[in-house]
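Each remark here refers to the structure printed beneath this line.
Read-outs throughout are calculated quantities, based only on the coordinates presented, and are distinct from any laboratory measurement. Because the structure is predicted, anything quoted here is derived from the model rather than measured. We place every Cβ from the backbone using ideal geometry, glycine too, and count neighbours over all the protein chains shown.
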Amino acid sequence: MSTRLREAAIRHLRALGTTTPGGSVRRLTMDIKVDGQIEMVSLSLRDGEVQCVSSDGHNDGRHVVAALEFVAGLTQRDDSLPPGTEESTGWRSLKAPQQSDLADALDELLTAVTRVGIDKARYAPSVDAALECVVEVAAEPTPPGLGRFIGRLRQEVLSGQPRRAARILEGAARLAEALRVETPTDASEQRVRAWLGTRPGSVPEIELLHDRTMIEVAREWLPGSKRASVERRYLIDLTAGAIYREDRPDQAAASLGPCPRQIHVGLAEVEPGPAPQRIRVLQYEVRPEVPAESWSRLYQVARRSFAQLTETYRREVQAYPTLAEPFALIAPYRIELNDGFVAIDSEGHQLALERTERRGSVLAFYDLLNQGLEPAWLAGRLTDFGTNLCISPFAFATRNHDYTRL
Amino acid sequence: MTHEPEPNWIALEHFLREGIANTQYADPREELGCAPDAEDREVARELVRSAATYDIEEIGTESLNPEAMRHPSVRPPPEGAADPSFLGRLSASGTGDISVEQIDDVPTILAVLRAGSRKQRRAALVRLGERLHERPAIPGEAVRAATQTIAELRDVEIGYELARLRTELPGAPGRKARNEDERWKRLAAETKEAIRRFWDGQSSVEPIHVLPGDDRALLLMRTPDLAPMVLNHINAIIEGNDGCVPRESRVGLLASLQHATDRRLVPALVAVIESARGELLAEAARALGGIDDPRAHPTLVERFERSIVSEERVALAGALGMHGDCRGLPEVRSLLQQEQPSSILDALEAMESLGSSENSELVVRFVDHADIAIAVQAVRTLARISDGRVLDALSDRYSTTTVPALRAAIEDALSAIAARMELRGEEVAEIDWSEVGNKPAPPEGSRDSLPAIVFGWRDYFMGRVWLLLGRVNWAVARFESAARRRAGWVAPLIGMGMAFARGEQYALALPAFRRAIELDRPRIERNPILVRAMAKSFLHRAEQVEREGRNDIARGLVGEMLTFDLRRAPGTVRFELKRKHDVLRKEEEDDVHSAA
């Protein structure tokens, strides 16, 4: 393989005569020519693993291999052997014995919390010790799914919500079962992947998206193993209204731009897993001003039936009791503001506001409603209070497309 | 292990709450259908499985619970609840028993404008504007007093409201404000276009980051008038999602937003407070403290309760104070009592919103501080606390100091305290300025010979002519010649400084202004055009040397300028000088700490 680019780079670097010791490469995008065909290949480092994709949609094609050879510098060596099956760093410290250790640690945590009860768990040293044990056993850095579990559990223990805490612990118990299973099934593999990332040797199921227009309607910081570990952005595909989450761990890179923004996604990967599905935007263009027709389209794809919304929510939470954090864009048929905000659909089903989380945003939302603003659509995270489906408001817009981020 | 088909939910919730170790109410093994000798681990697994299954199946099965609909009623405590006086009970939002909106008496509104809290002053300014629209109904003298106050007020904290109201004034102040308004519109339009190019990839330079300091301050002073796209871009920088602005510039941008009132900034500020640390968090807290929004108080409280860094806690305490929550007062008091050099300035600033007359004795000690920045901040804090007992201490300090900035701050403080005493119904202390402080020495009579005067005037006149013709170098040579002929004559030096300032040759303007200041400081400080040109020259030169990495020199320049009486300089320039001074000062402290 020709390495003229590398040689030219070395010459240029020598001419510059400077170095940047603190720099680290997070992502490379390059044009690779193989047999006269040029494809754009993107290599990025995520959670210690290299993710490869080329613009022909392959992640193991000839262009990707050529790019990997270039980066690995194999073409310069006499003993240029193909790269071996190197295990990802996320899993390096989590081989079979450690998997069972993690399963045991999760069981220990479940037992510790249920033994003392949710009301006292926040003061219980045994619960703290069990949580520390989970973090210690897991790979470093803490995988995002596991981190989010820790963040959510701490939050629910602090707020003293037994129902939600039970649901979060149920998800952890299912992970423990999946880690112990001797013959992994598709379901168990998918669960493990959602929590801990891709297992070495397994092929991640990734859906590739091309040429989509999306609008980011909201973003928030979420706690993980540390407070404010992940910035989550909510992107809505204008084609069919699919909602994706783009997670940006603290200090890590993700797509750039303000909120709201319209992005034209040239290439993106979508991971199957808990709702909303995680997206990794690889090639994109940002438009900081969302055009009126895009806002209109967003209104068209908003959910209108709250019965269907409830059913979807139930299904998603059943599948991933811990990690599912469904987000929705709703267009209420009408709104009532007597004792509090209630959105009503055309069939008379109601949706209330979640008032225990994001209290300030709820108050701000009420202030704006009292000023006479009428939301045409409302975007927010779905949750449940008692037996009712609720929405925690993140953003809304009026029929004139006046967008407000809460 | 056998499973019961229908576990009792009340029992499940009880076990979840109280724990499976607590068997007083019922036996969890029996309720959950586990074997009597089942291990806790099995019982726990069965408990969460049953609870989660039941809970998820129940979602949406009942009609809406009224409890879930109820309006959340927890609001931050009302501002100034502790102060029972008229000013303490005066509501800015129209919700209290006495509201600024209800005041019709123009002198009272003017007194609130001088002595009220930031929210009260904003409300007072809006009310004053409303009253001026009802002009036939109010006496001419009151109209004149109001117009004069609006034209002369130099309060950067309410700069946005002030700028808007000034555009409605008649005469020169109105024209000046409308010109400024046009300048802002041009700047906003150019910035919007630059932002579009930035995100389109046509430009790799972030447009707000590269603006000169005073232009950035001018642009950001009027955030409510900015287009949504510009505001969203600012939010992206604040949140660190622009991809190129360094952390120090994010801190600088947040500091520039300290007096912004736009609610559209709140989500980004909340995100920074939730996720950032140190200086970034402190500046975001100061900005959020000034915005009247229900999201601000819960965010500040939550962060204050979990922060352990002194710098963060002081800023959060001050921001909470702006929302009427004084939970951080003991800590700020304690820092002032300990007199730790690194935290005095921040603590005094926080005391502006937290302090009451009980704290004036503690604050007044810093009026004599050797560091002028600390002394000036102490005077500002005393002006906000407005305790009549410090009048003597301030008058004494006025007499002993020769630093114009401190004297100017004391003059403003004395006026604010007098206004507050008036509003409280106390005996108003009449301040006899002829007795306060040392009077400026009368200018010495000219000792120049007649030929020196004549030739001096000739050179000066020729310099003006060359300037008109655009020959700056020749003009400067003539001005130098005139200055040489008459050693005590300030006009050629001013001409030289102004010529260099107009030509953006700030490094050359500085020595000319310095020589002019040595000869006749009051003349420059009292002339708005001269003081603006001088302040801008120092500011821009400081920015130039800062870009070259010579922060110590930049800090020296800004610090030197801040010792002058800058009350007649534009608010944006004063604000930017102070902001830059704070940033450079903190950088120096960080360097000292890291070196240690």
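Kirkwood hydrodynamic radius, the range A:303-405, all distinct C-alpha pairs: what's the number in Å?
It works out to 13.9 Å.
Can you run phi through the Karplus equation (6.51, -1.76, 1.60; θ = phi - 60°) for the range A:261-278 and list ³J(HN,Hα) in whole Hz, with x for Gly and Pro?
So the Karplus estimates, Gly and Pro as x, are 7, 10, 10, 9, 8, x, 8, 8, 10, 10, 8, x, x, x, 7, x, 5, 7 Hz.
Rank-order B:15-25, A:386-396 by packing density, defined as the average count of other C-beta atoms within 10 Å over each peptide's residues, highest first.
Packing proxy ranking, top to bottom: A:386-396, B:15-25.
Sorted by packing (mean other beta-carbon atoms within 10 Å per residue), highest first, where do B:30-36, A:165-171 land?
A:165-171, B:30-36
Could you check the spin-label model distance between A:T183 and A:R227? Points 7 Å from the Cα along Cα→Cβ, value in nm.
4.9
Which ³J(HN,Hα) values, rounded to whole Hz and listed in residue order, are derived for the range B:148-163 from phi using the Karplus coefficients 6.51, -1.76 and 1.60 in 6.51 cos²θ - 1.76 cosθ + 1.60 with θ = phi - 60°, glycine and proline given as x?
Once θ is set to phi - 60°, the couplings for the range B:148-163 become 5, 4, 4, 5, 9, 4, 10, 9, 5, 5, 10, x, 5, 5, 5, 4 Hz.
Take the eigenvalues of the Cα gyration tensor for chain A, scale each by 5, and report the square roots as semi-axes in whole Å, largest first.
Working through the eigenvalues yields semi-axes of 39, 30, 18 Å.
Straight-line reach from A:K120: which aspartates and glutamates fall under 15 Å, measuring Cα to Cα and dropping same-chain residues less than 8 apart?
Partners found: A:D128, A:E156, B:E13, B:E18.
Sort all Cα-Cα distances of the range B:514-590 into consecutive 5 angstrom bins from zero, then give the percent of pairs in each bin up to the one containing the longest distance.
In whole percents, the pair-distance histogram is 3, 17, 28, 24, 15, 9, 3, 0.
From largest to smallest, what semi-axes in whole angstrom does the range A:332-391 give when each is the square root of 5 times an eigenvalue of its alpha carbon gyration tensor?
17, 16, 10
Through the Karplus equation 6.51 cos²θ - 1.76 cosθ + 1.60, θ set to phi - 60°, convert the phi angles of the range A:329-346 into ³J(HN,Hα) values in whole Hz; use x for Gly and Pro.
10, 10, 10, x, 6, 8, 10, 10, 10, 7, 7, x, 6, 9, 8, 10, 8, 5
Decide, for the range B:86-166, between rounded, prolate and oblate: order the square roots of the alpha carbon gyration tensor eigenvalues as a ≥ b ≥ c, take rounded if a/c falls under 1.5, and otherwise choose prolate if a/b is larger than b/c, else oblate.
It comes out oblate by the Cα gyration axes.
Size of the dipole of chain B about the Cα centre, Lys and Arg at +1 and Asp and Glu at -1 on the beta carbon, nothing else charged, in debye to 20?
So the dipole magnitude of chain B works out to roughly 4620 debye.
Efficiency by 1/(1 + (r/R0)^6): what FRET value for B:Q102 and B:I10, r their Cβ-Cβ distance, R0 = 60 Å, to the nearest 0.05?
Working from the Cβ atoms, E equals 0.65.
Would you mind estimating how fast the range B:258-350 diffuses translationally, via Stokes-Einstein at 37 °C and 0.692 mPa s with the Kirkwood radius over Cα pairs, in µm²/s?
256
Any chance you could tell me what percent of the C-alpha pair distances in the range A:226-369 go past 22 Å?
The calculated P(r) of the range A:226-369 puts 50 percent of pairs beyond 22 Å.
What average count of beta carbons from other chains do you get within 10 Å of the Cβ of residues in A:260-272?
Going residue by residue through A:260-272 and averaging, the value is 1.
Name the long-range amide H neighbours of A:Y333: under 5 Å, sequence gap of 5 or more, or other chain; modelled H, no Pro or chain starts.
Amide H to amide H, under 5 Å and 5 or more residues apart or across chains, A:Y333 pairs with A:I344, A:D345, A:S346.
Going by the alpha-carbon gyration tensor, a ≥ b ≥ c the square roots of its eigenvalues, is the range B:172-216 rounded (a/c under 1.5) or, if a/c is not under 1.5, prolate (a/b greater than b/c) versus oblate?
oblate
Equivalent ellipsoid semi-axes for the protein assembly as shown, as square roots of 5 times the alpha carbon gyration tensor eigenvalues: give them largest first, rounded to whole Å.
The equivalent ellipsoid of the protein assembly as shown has semi-axes of 58, 37, 27 Å.
Give me the dipole magnitude in Debye, nearest 20, for chain A about the Cα centre, with unit charges on the beta carbon: positive for Lys and Arg, negative for Asp and Glu.
I would put it at about 820 debye.
If contacts are Cα pairs under 8 angstrom and at least 6 residues apart, what is the relative contact order of chain B in percent?
In percent, rounded to a whole number, it is 10.
Counting alpha carbon pairs within less than 8 Å and at least 6 residues apart, what relative contact order, in whole percent, applies to chain A?
About 10 percent, as a whole number.
Holding the Cα-Cα limit at 31 Å, pick out from B:K185/B:K586; A:K226/B:K192; A:K33/B:K192; B:K185/B:K536; A:K226/B:K578; B:K536/B:K586 the pairs that are longer than that.
Pairs exceeding 31 Å: B:K185/B:K586; A:K226/B:K192; A:K33/B:K192; A:K226/B:K578.
GNM, chain A, Cα, under 10 Å: largest mean-square fluctuation among A:A72, A:A242, A:A228?
Largest GNM mean-square fluctuation: A:A72.
Using just the alpha carbons, could you tell me how many Å³ per residue the convex hull of the range A:101-229 encloses?
136
Name the shape class, rounded, prolate or oblate, that the alpha-carbon gyration tensor gives for the range B:356-437, where a ≥ b ≥ c are the square roots of its eigenvalues, rounded holds for a/c under 1.5, and otherwise prolate holds if a/b is larger than b/c and oblate otherwise.
Oblate is the answer for the range B:356-437, as a/c is 1.5 or above yet b/c matches or exceeds a/b.
Using alpha carbon centroids, what distance separates the range A:287-333 and the range A:126-199, in Å?
Cα centroid to Cα centroid, the span is 26 Å.
In terms of modelled amide H atoms, which long-range or inter-chain residues lie less than 5 Å from the amide H of A:V34?
A:E39
With point charges of +1 on the Cβ of Lys and Arg and -1 on the Cβ of Asp and Glu, referenced to the Cα centre of chain B, which listed residue (B:Q505, B:P451, B:L336) lies farthest in the positive direction of the dipole?
Result: B:P451.
With a 10 Å radius around each residue's Cβ, average the other Cβ atoms per peptide and rank A:273-281, A:251-259, B:54-62, highest first.
Most protected by this proxy first, the peptides run A:273-281, A:251-259, B:54-62.
Please get the size of the charge dipole for the protein assembly as shown, origin at its Cα centre, with Cβ charges of +1 on Lys and Arg and -1 on Asp and Glu, quoted in debye to the nearest 20.
Taking the Cα centre of the protein assembly as shown as origin, the dipole is about 4760 debye.
Would you work out which of B:S307, B:T223, B:L566 lies farthest towards the positive end of the dipole of chain B? Charges go on Cβ: Lys and Arg +1, Asp and Glu -1.
B:L566
Can you find, among B:V143, B:G116, B:L153, the residue farthest towards the positive end of the dipole of the range B:86-166? Put +1 on the C-beta of Lys and Arg, -1 on that of Asp and Glu.
Of the candidates, B:L153 comes out farthest on the positive side.
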